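What follows is one structure encoded as structure tokens, with my remarks underneath.
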Amino acid sequence: MAISQNIKDLKARLPAGVTLVAVSKTHPVERIMEAYSAGQRHFGENRVQELLAKQASMPPDVFWHMIGHMQSNKVRAIVPFVHLIHSIDSASLLAKVDKEAARIGRFVDVLLQFHIATEDTKFGLDRTEAEELLGSTAYRSMRHVRIRGVMGMATFTENTVQVRAEFRSLKSIFNHLKENFFSAEGCFDTVSMGMSGDWPIAVEEGSTLVRVGSSIFGSR
Ligand SMILES: *Cc1c(COP(=O)(O)O)cnc(C)c1O
């Protein structure tokens with residue numbers, strides 16, 4: 001199936017208000033440009049080097065999402081242009097983004113990544129760690145990051161009951177944090193969950209942003 005048709009089909013099925021991020025990792029720029037030509041503007045990559053190379057060769061009006069685990073020493077390179085970093089999985093990484101953003105006078109939007117799956121290969125905070133981070137004096141002194149919400153990946157399984165429960169737990173973490181730390185801030189509004197195999201369930205459970213790769217570009 002053509003990439004442009006895949007995008008059209010997905011957009012027709014997604015409720016209004018749910019952002020589609022096309023995950024273009026491993027796919028060459030020519031294929032990503034097919035999606036761009038079909039009107040797609042939000043793209044996600046999980047490796048800094050690949051993100052940098054693609055950002056340099058794609059039009060400037062693309063919104064780039066960093067969705068993968070990052071080393072602190074890679075932060076500086078993406079801070080000047082990244083639209084949203086989904087993968088903040090430690091207080092020190094958040095501090096590094098704040099520092100690099102302050103250095104160039106930019107404000108960077110980020111999500112806190114939560115570990116909701118049973119697999120231990122996936123990165124992310126748990127609720128207690130997030131509360132510690134948000135309650136810390138270090139966080140309160142950060143001026144150049146804006147936490148927009150949460151991100152998580154469900155377990156890779158056919159068991160939709162489990163997947164649904166994991167998405168539900170992420171949404172409940174979101175609600176809890178919103179109530180306790182962001183009640184005065186309308187910009188805490190993003191729940192990034194759902195991939196090719198599970199996005200319909202994620203949307204039913206309250207996702208506001210889905211990250212879809214293989215259903216658009218084919219298998220990697
Ligand atoms: C690769 C990836 C996706 C997209 O996965 P598909 O199954 O190809 O849709 C979504 N989120 C993250 C964090 C990824 O690494």
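The values are calculated or read from the model by the stated rules, or taken from the named source; none is laboratory data. Since the model is a prediction, treat every value here as computed from it, not as a measurement. All Cβ positions, even for glycine, are placed from backbone atoms using ideal geometry, and neighbour counts span all protein chains on display. Surface areas here come from the heavy atoms of the whole protein model, side chains and all, with no ligands, DNA or RNA. Shrake-Rupley method; radii C 1.70, N 1.55, O 1.52, S 1.80 Å.
Numbers for the structure displayed
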{"read-out": "Pick from the range 155-171, criterion over 17 Å from the mean Cα position of the chain (by Cα), within 16 Å of the ligand (Cβ to nearest atom) and of a type outside the set (A, V, I, L, M, F, W, C), ranking: most open to solvent (accessible area, probe 1.4 Å)", "value": "GLU158"}
{"read-out": "In the range 85-102, the residues that are open to solvent by 10 Å² or more (accessible area, probe 1.4 Å) and over 19 Å from LEU209 (Cβ atoms)", "value": "SER90, ALA91, SER92, ALA95, LYS96, ASP98, LYS99, ALA102"}
{"read-out": "Matching residues in the range 68-80 - criterion: being farther than 17 Å from VAL23 by Cα and open to solvent by 10 Å² or more (accessible area, probe 1.4 Å)", "value": "GLN71, SER72, ASN73, LYS74, ARG76, ALA77, PRO80"}
{"read-out": "Residue that is nearest to the ligand (Cβ to nearest atom), among those in the range 75-95 that are in a helix (DSSP H, G or I) and more than 26 Å from THR137 (Cβ to Cβ)", "value": "ILE78"}
{"read-out": "Search result, residues across the range 194-220 that are more than 9 Å from the ligand (Cβ to nearest atom) and in a loop (DSSP other than H, G, I, E, B)", "value": "GLU205, GLY206, SER207, THR208, GLY218"}
{"read-out": "Of all residues making up the range 172-196, the number that are touching a residue at least 24 places away in the same chain (Cβ under 8 Å), open to solvent by 10 Å² or more (accessible area, probe 1.4 Å) and closer than 24 Å to PHE63 by Cβ", "value": "5"}
{"read-out": "Matching residues in the range 138-154 - criterion: being out of contact with any strand residue (DSSP E or B) (no Cβ under 8 Å at 6 or more places or on another chain), over 15 Å from PRO200 (Cα atoms) and open to solvent by less than 70 Å² (accessible area, probe 1.4 Å)", "value": "ALA138, TYR139, MET142"}
{"read-out": "Extreme residue, nearest to GLY186 (Cα to Cα), among residues of the range 138-154 that are within 16 Å of the ligand (Cβ to nearest atom) and in a loop (DSSP other than H, G, I, E, B)", "value": "MET153"}
{"read-out": "Any hit, the range 204-218, residues being open to solvent by 60 Å² or more (accessible area, probe 1.4 Å), more than 30 Å from THR137 (Cα to Cα) and not small (Gly, Ala, Ser)", "value": "yes"}
{"read-out": "Strands (runs of 3 or more DSSP E) wholly inside the range 1-67 containing at least 3 residues that are at pLDDT 95 or above and open to solvent by 10 Å² or more (accessible area, probe 1.4 Å)", "value": "none"}
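Condition check ((1) farther than 21 Å from THR190 by Cβ; (2) open to solvent by 40 Å² or more (accessible area, probe 1.4 Å)) across all residues:
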site: ILE104; (1), (2): yes, yes
site: ASP109; (1), (2): no, no
site: HIS115; (1), (2): no, yes
site: GLU129; (1), (2): no, yes
site: SER136; (1), (2): yes, no
